[in-house]
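Chemist: Sending over a structure as structure tokens; questions will come in a sec.
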Amino acid sequence: MKKSVIFGALTVAGLAAGAAAAGTLDDVKARGKLNCGVTTGLVGFAAPDANGEWKGFDVAVCRAVAAGVLGDATAVEFVPTTGKTRFTALASGEIDMLARNTTWTFSRDVDLKFDFVGVNYYDGQGFMVPKDLGVSSAKDLDGATVCIQTGTTTELNLADFFRANNISYEPVPIETNAEAQQQYLAGACDVYTTDASGLAATRATFEDPAGHTLLPEIISKEPLGPLVRHGDSEWGDVVRWTLNALITAEELGVSSANVGEMAASTNNPEIARLLGTEGTLGEMLGLDADWAKRAIETQGNYGEIFAKNIGEETPIGLARGLNSQWTDGGLLYSPPFR
């Protein structure tokens with residue numbers, strides 16, 4: 001078993017090294033389209049609407065990169081991936097970046113040879129149960145059946161949590177969030193566990209969301225963010241600083257509504273550098289001066305993207321919490337644009 005796991009990791013690493021050598025930024029420009037890996041469907045984060053148009057928090061990151069690189073936020077091919085297929089899709093070059101509520105871990109960064117370019121959502125693993133189950137704590141789940149996506153950190157965290165608390169459980173393996181939802185609502189499992197944000201997003205789609213409880217325990221750190229292949233630093237810089245541009249824009253008060261006015265009249269040197277009216281930051285990335293301006297103009301700043309897709313005024317209803325700007329006591333913090 002150990003040999004097969006090691007071989008699998010080496011295979012993915014080998015694929016990554018070969019794919020990165022081509023130069024992803026040049027490939028995307030030549031293709032005229034960004035191939036972005038997303039989840040198979042998680043409302044609020046990445047899911048097609050009734051017209052088949054992909055929308056969501058992670059989708060906005062993909063579109064921001066396309067706007068910056070190609071000048072067109074719609075020039076994106078969204079590639080649905082599961083917990084099992086996402087890393088192979090990235091390593092093989094099928095996708096240029098992965099924006100799929102993926103946790104930044106040591107082994108994924110080092111062993112699988114990926115570069116996480118930042119964190120766009122600070123999360124943690126939680127538990128959802130039917131209210132009728134009468135459970136108020138995860139520590140009361142001894143003997144429960146638990147729906148869990150395979151190939152994820154949640155699978156490992158679950159085993160650790162139950163072992164540490166000396167309680168037992170029966171896993172019900174599933175591959176996609178849609179399958180988990182179906183099995184959970186059908187009563188095939190007592191509990192669904194995944195990132196707390198994913199649970200909130202899933203519950204929001206239920207016919208009776210109030211009939212289901214998110215238990216208070218958060219049993220892990222799940223820093224979620226976009227990632228690219230090792231060995232292609234130029235492309236990694238583009239995706240990293242696009243995310244940073246969205247974060248910095250909110251901090252500096254630049255929004256989709258005022259970005260044009262700010263670009264034309266700001267007296268703030270960092271805003272001028274961000275929006276390309278001063279300095280050569282775009283040129284350093286291999287892009288034009290307006291790359292960040294387009295990303296913000298088409299998608300909004302980080303706060304706008306959060307509020308529109310998963311915020312408290314949406315059915316998902318997530319508070320900013322740890323995902324507030326550092327100036328508001330959160331963890332959101334971008335290096336300076338200078």
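The values are calculated or read from the model by the stated rules, or taken from the named source; none is laboratory data. For clarity, every value in this text was computed on a predicted model and none was experimentally measured. Note that each Cβ is placed from the backbone with ideal geometry, even for glycine, and that neighbours are counted across all protein chains shown. Accessible surface is based on the protein model in full, side chains and every heavy atom, while ligands, DNA and RNA are left aside. Shrake-Rupley method; radii C 1.70, N 1.55, O 1.52, S 1.80 Å.
Chemist: Rg to Rh ratio, the chain, alpha-carbon atoms and Kirkwood radius?
Modeler: Rounded to two decimals, Rg over Rh is 0.98.
Chemist: Assuming a viscosity of 0.890 mPa s and a temperature of 25 °C, what translational diffusion coefficient in µm² per second does Stokes-Einstein assign to segment 63-153, Rh being the Kirkwood radius over Cα pairs?
Modeler: 150
Chemist: Sorted by average packing, counted as other Cβ atoms within 10 angstrom per residue and highest first, what order do 111-122, 52-63 take?
Modeler: 52-63, 111-122
Chemist: What is the set of long-range amide H partners of Val172 at a cut-off below 5 Å, with H atoms built 1.01 Å from backbone N?
Modeler: Val146, Cys147, Ile148
Chemist: For the chain, calculate the relative contact order in percent as a whole number, restricting contacts to Cα pairs under 8 Å that are 6 or more residues apart.
Modeler: That works out to 22 percent.
Chemist: Tell me the relative contact order for segment 125-220 as a rounded percent, counting alpha carbon contacts under 8 Å between residues six or more apart.
Modeler: After rounding, I find 49 percent.
Chemist: Placing +1 on the Cβ of each Lys and Arg and -1 on the Cβ of each Asp and Glu in the chain, which of Ile174, Gly41, Val61 has its Cα farthest towards the positive end of the resulting dipole?
Modeler: Ile174
Chemist: Hey, another quick one. Which whole DSSP H helices in the chain pass both tests: a Cα extent of 24 Å or more along the axis and a mean Kyte-Doolittle value no lower than 0.5? Don't jump to the answer; show the numbers that get you there.
Modeler: On the way: long enough: 2-20 (27 Å, 1.24); 233-252 (27 Å, 0.07).
Helices meeting the span and hydropathy rule in the chain are 2-20.
Chemist: Quote to one decimal, in nm, the extra length available between Asp328 and Ser168 on full extension: 0.36 nm per residue of separation minus the C-alpha distance between them.
Modeler: Working it through step by step, the gained length comes to 53.6 nm.
Chemist: Sorted from largest to smallest, which semi-axis lengths in Å does the alpha carbon gyration tensor of segment 189-338 give for its equivalent ellipsoid, taking the root of 5 times each eigenvalue? If you can, show how the numbers build up before the last one.
Modeler: Values: eigenvalues 232, 65, 34 Å².
Working from the Cα gyration tensor, I get semi-axes of 34, 18, 13 Å.
Chemist: Something else: Accessible area per residue, 1.4 Å probe, Å², for segment 130-279: what's the number?
Modeler: For segment 130-279, the solvent-accessible area averages 44 Å² per residue.
Chemist: Working from the alpha-carbon coordinates of segment 173-251, get Rg over Rh, Rh being the Kirkwood radius.
Modeler: With Rg and the Kirkwood Rh in hand, the quotient comes to 1.12.
Chemist: Right, something else. Placing +1 on the Cβ of each Lys and Arg and -1 on the Cβ of each Asp and Glu in the chain, which of Thr145, Ser197, Leu322 has its Cα farthest towards the positive end of the resulting dipole?
Modeler: Value: Thr145.
Chemist: Among the lysines, which fall within straight-line cross-link reach of Lys84, defined as a Cα-Cα distance under 30 Å, with same-chain neighbours fewer than 8 residues apart omitted?
Modeler: Cα-Cα hits under 30 Å: Lys2, Lys3, Lys29, Lys33, Lys55, Lys113, Lys139, Lys221, Lys308.
Chemist: Mean residue ellipticity at 222 nm from the helices of the chain, using -39,500 (n - 2.57) per DSSP H segment of n ≥ 4 over the full residue count, to the nearest 500 deg cm²/dmol?
Modeler: Calculated mean residue ellipticity at 222 nm is -12000 deg cm²/dmol.
Chemist: Given C-alpha coordinates of segment 125-220, what is the ratio Rg to Rh with the Kirkwood estimate of Rh?
Modeler: 0.91
Chemist: Let me ask another. Under a plain spin-label model, where a point goes 7 Å from the Cα along Cα-to-Cβ, how far apart in nm are Asp111 and Thr280?
Modeler: Taking the simple label geometry, Asp111 and Thr280 are separated by 4.3 nm.
Chemist: Under unit Cβ charges (Lys, Arg +1; Asp, Glu -1), what dipole magnitude, rounded to 20 debye, does segment 125-220 have relative to its Cα centre?
Modeler: Numbers: 4 positive and 13 negative charges, 34 e Å.
Here segment 125-220 has a charge dipole of around 160 debye.
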